[in-house]
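Asker: If you scroll down you'll find the structure; I have some questions about it.
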Amino acid sequence: MEYLINNLTSGVAKSSWPFTKSPKFDVPDDPAIPEYHTSSTIALFDTTQYNICSAAPLHPLRHHHHIFWRVINSKALEPRVRAFIKDMEEKPDEIILVEGIFVFDGDTSIFILAKMSFDAERPLTERYKVVNSLWRMG
């Protein structure tokens, strides 16, 4: 995932990424979806399509939650996910969230959520590093 995000972003800070935010998505009012900062985003890599890795840089977190996280029913994962989000919202220029979806077998995928830090002093292909991660299957 470090390789993917460093190459996609050319190693520049999130505020200078060479692409714009994903289009605005309408998410139905749902009390189960927490309130996120309107600027909260996540990068998504989906490798579940044959020979394709689609990327959604700066995907709105509220939309991502509605599509991918509303089915997470794990008391063990929820506090860790919340901590990742809190860190990203408190330090948006230093911390990003990246989720990768990978095929496990014909019916199951592995979801890896990574909290990554940005270090402008490192070489371009190494500026984003995973500092914490978790995974789930679904």
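The values are calculated or read from the model by the stated rules, or taken from the named source; none is laboratory data. Computed from a predicted model, the values in this text were never measured in an experiment. Because the Cβ atoms are built from the backbone with ideal geometry, glycine has one as well, and the counts that use them run over all protein chains shown. Ligands, DNA and RNA are excluded from the accessible area calculation, which covers all protein heavy atoms including side chains. Shrake-Rupley method; radii C 1.70, N 1.55, O 1.52, S 1.80 Å.
Asker: When the residues of segment 77-87 are narrowed to those that are under 13 Å from R136 (Cα atoms) and not charged (D, E, K, R), which ends up modelled with the lowest pLDDT?
Answerer: So, considering only residues that are under 13 Å from R136 (Cα atoms) and not charged (D, E, K, R), the one modelled with the lowest pLDDT is L77.
Asker: Another one. Write out, first by first residue and then by second, each pair whose Cβ atoms fall under 7 Å of each other, whose residues are 6+ apart or on separate chains, and whose first residue, in segment 104-125, is closer than 13 Å to E94 by Cβ while the second is part of a loop (DSSP other than H, G, I, E, B).
Answerer: Once the first residue is closer than 13 Å to E94 by Cβ and sits in segment 104-125, its partners that are part of a loop (DSSP other than H, G, I, E, B) give S117/E94; F118/A13; F118/E94; F118/R127; D119/R127; A120/A13; A120/R127.
Asker: Mind counting the residues in segment 80-97 that are among the aliphatic types (A, V, I, L, M) and touching a residue at least 60 places away in the same chain (Cβ under 8 Å)?
Answerer: Of the residues in that region, 1 qualify.
Asker: Please go through segment 20-56 and give me each residue that is at pLDDT below 80, open to solvent by 50 Å² or more (accessible area, probe 1.4 Å) and in contact with a Pro (Cβ under 8 Å, 6 or more places away or on another chain), ordered by number.
Answerer: K21, K24, F25
Asker: Kindly indicate whether S74 is at pLDDT below 80, of a type in the set (S, T, Y) and either out of contact with any strand residue (DSSP E or B) (no Cβ under 6 Å at 6 or more places or on another chain) or surrounded by 15 or more Cβ atoms within 10 Å (Cβ to Cβ) (or both).
Answerer: yes
Asker: Scanning segment 114-131 for residues that are in contact with a helix residue (DSSP H, G or I) (Cβ under 7 Å, 6 or more places away or on another chain) and under 16 Å from K86 (Cβ atoms), which turns out surrounded by the fewest Cβ atoms within 10 Å (Cβ to Cβ)?
Answerer: Going through the qualifying residues, I end up with K115.
Asker: Name, by its number, the condition in (1) of a type in the set (A, V, I, L, M, F, W, C); (2) under 28 Å from G11 (Cα atoms); (3) outside any strand (DSSP E or B) that does not hold for V71.
Answerer: It fails just one condition, (2).
Asker: Residues of segment 95-120 being under 11 Å from V12 (Cα atoms) and not in a strand (DSSP E or B), which ones?
Answerer: Hits for segment 95-120 are D119, A120.
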